[in-house]
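Since the structure comes first, as structure tokens, the remarks are kept for the end.
The values are calculated or read from the model by the stated rules, or taken from the named source; none is laboratory data. For clarity, every value in this text was computed on a predicted model and none was experimentally measured. Don't worry about glycine lacking a Cβ; one is built from the backbone with ideal geometry, like all the others, and counts go over all protein chains shown. Areas reflect the complete protein model, heavy atoms only, side chains present, ligands, DNA and RNA absent. Shrake-Rupley method; radii C 1.70, N 1.55, O 1.52, S 1.80 Å.
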Amino acid sequence: MLGTRRVGHGGTLAPQATGLLPVLVGSATKFADRLHEATKVYDALVRFGSETATDDREGAVTRESGVPALATDTVEPALATLRGVIGQVPPQYAALKVSGRPAYARARRGETVALAARTVQVFRLDVIEIAPPDLRLYVVCSSGTYVRAIARDLGRAVGSAAHLARLRRLAVGALEARDALTPEELRARGREVSALLRPPNDDLLTLDRRFLERSAGTIVGAGESA
């Protein structure tokens, strides 16, 4: 649409996820590594009762457990262990490479890969809504954090099993889903979209303070997860 073959993206989204996917065009593709390091914001739905091979709804069920009593006082202690700087074991079906090949490619071939825990930071992990067997969470996290793994580990922390049932990315640094265009809108505008391109600089890495300061209910209630 823009007459260039150099196009990249600013962070992989799982197939079933929705929301923001930053697109880099032309020389801006050189900024991809910097943009990947930006803080990210998610609206996530965790479903209790089963774990899956992929840690989301797409995978085969690998373990089942009773749905726990979901209430703020029972969930909060478990959430507290998943906040801050933590060691997180990535999902077996992850894009990170193991001996030169993506972990998901090895998993699809039936291989079981021992993935080492990686240090990530979860700035916010707040309850938006409880509707058993589901728990809706607001997540603000560092690059490299797998929200699927948060769902898996939360299930285990409360003595149950869980997976990620839905995910929407609200922001990557200064880029936000509410300002984004759908693929259909891009096609309709054609090369006019070039006027909307933002320069690739460190300003794009700064997350709006409201994501860190306002209540989770206020953020999603403002329609930012629509």
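Can we say Gly59 is in a loop (DSSP other than H, G, I, E, B), at negative phi, surrounded by 15 or more Cβ atoms within 10 Å (Cβ to Cβ) and small (Gly, Ala, Ser)? Write out each step before concluding.
Working: in a loop (DSSP other than H, G, I, E, B): yes; at negative phi: yes; surrounded by 15 or more Cβ atoms within 10 Å (Cβ to Cβ): yes; small (Gly, Ala, Ser): yes.
When the stated conditions are applied, Gly59 passes them.
Looking only at residues that are in contact (Cβ under 8 Å) with a residue 60 or more places away in the chain and open to solvent by 20 Å² or more (accessible area, probe 1.4 Å) in the stretch 177-188, which one is nearest to the chain's Cα centre (by Cα)? Don't jump to the end; show me each part of the working.
Taking the stretch 177-188 as the starting set, the residues that turn out to be in contact (Cβ under 8 Å) with a residue 60 or more places away in the chain are 177, 180, 186-187.
Among the residues that remain, those that are also open to solvent by 20 Å² or more (accessible area, probe 1.4 Å) are: 180, 186-187.
Values: Ala180: 17, Leu186: 23, Arg187: 26 Å.
Residue satisfying both the conditions and the ranking: Ala180.
From the list Arg152, Arg156, Arg124, Arg148, pick out the single residue that is out of contact with any Asp or Glu (no Cβ under 7 Å at 6 or more places or on another chain), of a type outside the set (A, V, I, L, M), within 27 Å of Ala216 (Cβ to Cβ) and assigned to a helix (DSSP H, G or I).
Arg156 is the lone residue from the list that is out of contact with any Asp or Glu (no Cβ under 7 Å at 6 or more places or on another chain), of a type outside the set (A, V, I, L, M), within 27 Å of Ala216 (Cβ to Cβ) and assigned to a helix (DSSP H, G or I).
Quick grid of which residues meet (1) part of a loop (DSSP other than H, G, I, E, B); (2) surrounded by fewer than 16 Cβ atoms within 10 Å (Cβ to Cβ):
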position: Ser27; (1), (2): no, yes
position: Tyr42; (1), (2): no, no
position: Val46; (1), (2): no, no
position: Thr74; (1), (2): no, yes
position: Val85; (1), (2): no, yes
position: Ala95; (1), (2): yes, yes
position: Gly110; (1), (2): yes, yes
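Would you say Asp153 is touching a residue at least 60 places away in the same chain (Cβ under 8 Å), surrounded by 16 or more Cβ atoms within 10 Å (Cβ to Cβ), within 20 Å of Val172 (Cα to Cα) and among the acidic types (Asp, Glu)?
Details: touching a residue at least 60 places away in the same chain (Cβ under 8 Å): yes; surrounded by 16 or more Cβ atoms within 10 Å (Cβ to Cβ): yes; within 20 Å of Val172 (Cα to Cα): no; among the acidic types (Asp, Glu): yes.
In short, no.
Given the criterion at pLDDT below 95, hydroxyl-bearing (Ser, Thr, Tyr), out of contact with any Lys or Arg (no Cβ under 6 Å at 6 or more places or on another chain) and under 25 Å from Ser142 (Cβ atoms), identify the matching residue among Thr54, Thr4. Walk me through how you get there before you give the answer.
Numbers: Thr4 fails: under 25 Å from Ser142 (Cβ atoms).
After applying the criteria, what remains is Thr54.
Name every residue in the stretch 182-218 that is polar (S, T, N, Q) and outside any helix (DSSP H, G or I), in order of residue number.
Keep residues of the stretch 182-218 that are polar (S, T, N, Q), which gives 182, 194, 201, 206, 215, 218.
Hits for the stretch 182-218 are Thr182, Asn201, Thr206, Ser215.
Suppose we filter Arg214, Arg168 for residues that are under 26 Å from Asp134 (Cβ atoms) and without any contact (Cβ under 8 Å) to a residue 60 or more places away in the chain; which single one remains?
After applying the criteria, what remains is Arg214.
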